Amino acid sequence: MRRDLPLPPWPRLRETWWVYALGAALVALYCAGLFVRIRCTFLGHCGGPARLFDLDALGGVPRLVTTALFVGTAALAWFAARRCVGRRALWWRAVAGVGVVLALAKFFSWHSLAKADSAVLTLLVSVVLAALGLGALAVLGRRWAVSATRPVVTALALYALAAIGLDAVTWLIAAVQAQPGALSAAAATFVEEFGEALAALVLLVTVRWQAAARRRTGPRSPEMAL
């Protein structure tokens with residue numbers, strides 16, 4: 001059985017200048033979202049930009065940007081699968097499927113809808129699903145000799161930690177406060193949503209970089225595929 005050629009987990013700066021530009025744009029976008037949230041809360045200026053740049057509003061620019069990062073991840077993983085054969089292609093299709101699920105969950109705010117019914121149950125279910133999904137990708141990736149397994153699973157785990165962990169922390173902070181302040185609520189939302197966006201960007205870059213190996217080596221012959 002022949003393994004894919006391993007790659008460094010992260011590309012060099014000159015190969016990913018656009019990543020840092022996009023990261024800076026995310027900083028500007030989410031800072032603008034925090035500003036309009038605070039302005040809406042304290043000054044009552046809640047029209048126009050406040051709705052468009054709200055940090056966690058359905059249809060808001062910040063949520064749409066994070067959703068787009070997941071869509072890009074899914075597309076890159078799908079193209080990588082088309083350049084593979086056998087079980088490696090199946091593994092990349094699974095990664096693409098995860099990207100689609102994350103995009104839909106972010107776009108429709110499934111986590112927030114579920115948390116409205118039971119925050120604790122939503123947290124437990126999220127942890128279990130994340131552990132099962134990451135474990136399956138890790139085990140199958142190693143068994144099927146997919147060299148991208150460790151970096152991609154690590155990037156997915158980073159997003160799970162950001163999405164679930166930061167949400168749990170902000171929920172706990174709000175729970176222990178008798179009267180949560182508007183400023184602390186806005187700051188907590190900013191940290192949570194911005195952390196998710198950065199983790200989604202890391203996932204996109206990781207999948208793009210690891211999928212680049214498929215462009216260089218091309219599809220394996222069926223007898224080489226596991």
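Looking across segment 39-55, the residues that are crowded, with 17+ Cβ neighbours inside 10 Å and not aromatic (Phe, Trp, Tyr) come down to Cys40, Ala50, Asp54, Leu55. Looking across Ala74, Ala114, Ala94, Ala105, one residue alone is touching a Leu at 6+ places or on another chain (Cβ under 7 Å) and either surrounded by 14 or more Cβ atoms within 10 Å (Cβ to Cβ) or over 23 Å from Tyr30 (Cβ atoms) (or both). It is Ala94.
Among the residues making up segment 171-187, those that are surrounded by fewer than 18 Cβ atoms within 10 Å (Cβ to Cβ) and in a helix (DSSP H, G or I) are Trp171, Leu172, Ile173, Ala174, Ala175, Val176, Ala182, Leu183, Ser184, Ala185, Ala187. The number of residues in segment 150-187 that are of a type outside the set (Gly, Ala, Ser), in contact (Cβ under 8 Å) with a residue 60 or more places away in the chain and closer than 26 Å to Arg39 by Cα comes to 1.
Against the numbered list (1) part of a helix (DSSP H, G or I); (2) surrounded by 13 or more Cβ atoms within 10 Å (Cβ to Cβ); (3) among the β-branched types (Val, Ile, Thr); (4) over 14 Å from the mean Cα position of the chain (by Cα), Val100 comes up short only at (4). Restricted to segment 143-200, and to residues there that are hydroxyl-bearing (Ser, Thr, Tyr) and modelled with pLDDT under 95, the residue that is farthest from the chain's Cα centre (by Cα) is Ser184.
Residues in segment 103-133 that are in contact (Cβ under 8 Å) with a residue 12 or more places away in the chain, assigned to a helix (DSSP H, G or I) and under 18 Å from the mean Cα position of the chain (by Cα): Ala103, Lys106, Phe107, Phe108, His111, Ser112, Leu123, Ser126, Val127, Ala130, Gly133. Restricting the first member to segment 188-208 and to residues that are assigned to a helix (DSSP H, G or I), and the second to residues that are basic (Lys, Arg) and surrounded by fewer than 23 Cβ atoms within 10 Å (Cβ to Cβ), the beta-carbon pairs closer than 9 Å and six or more apart or on different chains are Glu193/Arg63.
The values are calculated or read from the model by the stated rules, or taken from the named source; none is laboratory data. Just so it is clear, the model here is predicted, and its values are computed rather than measured. Neighbour counts run over all protein chains shown; Cβ positions are idealised from the backbone, glycine included.
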